[in-house]
Structures are given as structure tokens and as C-alpha cells.
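Okay, so here's the structure we're looking at.
The values are calculated or read from the model by the stated rules, or taken from the named source; none is laboratory data. Quick caveat: nothing in here was measured; it's all calculated off a predicted structure. Neighbour counts run over all protein chains shown; Cβ positions are idealised from the backbone, glycine included. Ligands, DNA and RNA are excluded from the accessible area calculation, which covers all protein heavy atoms including side chains. Shrake-Rupley method; radii C 1.70, N 1.55, O 1.52, S 1.80 Å.
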Amino acid sequence: MIHVADVAAALDWYSRAFPAARRTNIHWPKKNFEYLELNGIQIEIVPADEKVASGPAGTVVYWTVADFEAEVNHFQSVGATLFRGPAEIEDGMRMCQIRDPWGNCIGLRG
């Protein structure tokens, strides 16, 4: 779950950030819920509230990418900002954290 102030805007942004993701709907009795699905992973965009705000809070999901530089550039092109790194890690790989427009961190590793 990714907590944001504007769910509709975040769904649009994450659709651009993860272009291979498919928008999916769940119809509940009192509400429809839309999320993104990417290779069997659900990226759920939900409203931030008094219990869980948006922004870095200690948990970062890292995505393994084939072309690290291309992915960093892609995320920056849709409005993400570099937050931490890039850093060299084991086996010649690199990693970094980028922030979405709501301050949440996304980790990239490749």
C-alpha cells in the first residue's frame, strides 16, 4: 500500500511510473477500489490519514531492474526525485531510493 493525499492523481502517476502495470478494479458493496497489478504484485494506492501519512517512514520496497540508469531516468522523467544514492553495492550492482510526488520512497536496484 502506498499512502497519498490524492488517490486519483497517484494512480495516474504510478501508471506512468510503472507503464507495464495494469489498472484493475475490485467492486465492493460500498465502494469500488482500483489498484495496479504488475507481474502478480498489487500496487495499492490508498488515502493517507492520521494513522498512516505519506512520506518515508522506514519501509522501502526495492524493484530489481534490468537497466538501472534507464529506470532512474524514467522515474525522474515522470516527476520522481532522487532521495538516497545511487550507491554501489555487491556484484557491481547499484541501488537508490527515489521519491514519488507525495514523498513516498521507491527503491531501485540493478
query: Under a point spin-label approximation (7 Å from Cα along Cα-to-Cβ), what is the R23-V52 distance to one decimal in nm?
result: 2.2 nm
- request: On a 0 to 90° scale, report how tilted helix 68-77 is relative to the longest principal axis of the chain, with both axes built from alpha carbons and the result rounded to the nearest 10.
  value: 50 degrees
- prompt: With labels modelled as points extended 7 Å from the Cα through the Cβ direction, what inter-label distance (nm, one decimal) is found for E88 paired with A5?
  reply: 4.0 nm
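Considering only protein heavy atoms and a probe of 1.4 Å, how much of the accessible area of the chain is carbon and sulfur, as a whole percent?
Working: 3420 of 6640 Å².
The computed percentage sits at 51.
So what's the range 47-88 giving for Cα Rg divided by 2.2 N^0.38 Å, two decimals?
Values: Rg = 13.0 Å, N = 42, 2.2 N^0.38 = 9.1 Å.
The reported ratio for this selection is 1.43.
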query: Over its Cα atoms, what ratio of radius of gyration to 2.2 N^0.38 Å does the chain give?
result: 1.10
query: So how compact is the range 1-63: Cα radius of gyration and Dmax in angstrom?
result: 12.1, 34
task: Taking 7 Å along the Cα-to-C-beta vector as the label spot, tell me the N73-T59 distance in nanometres, rounded to one decimal.
output: 3.4 nm
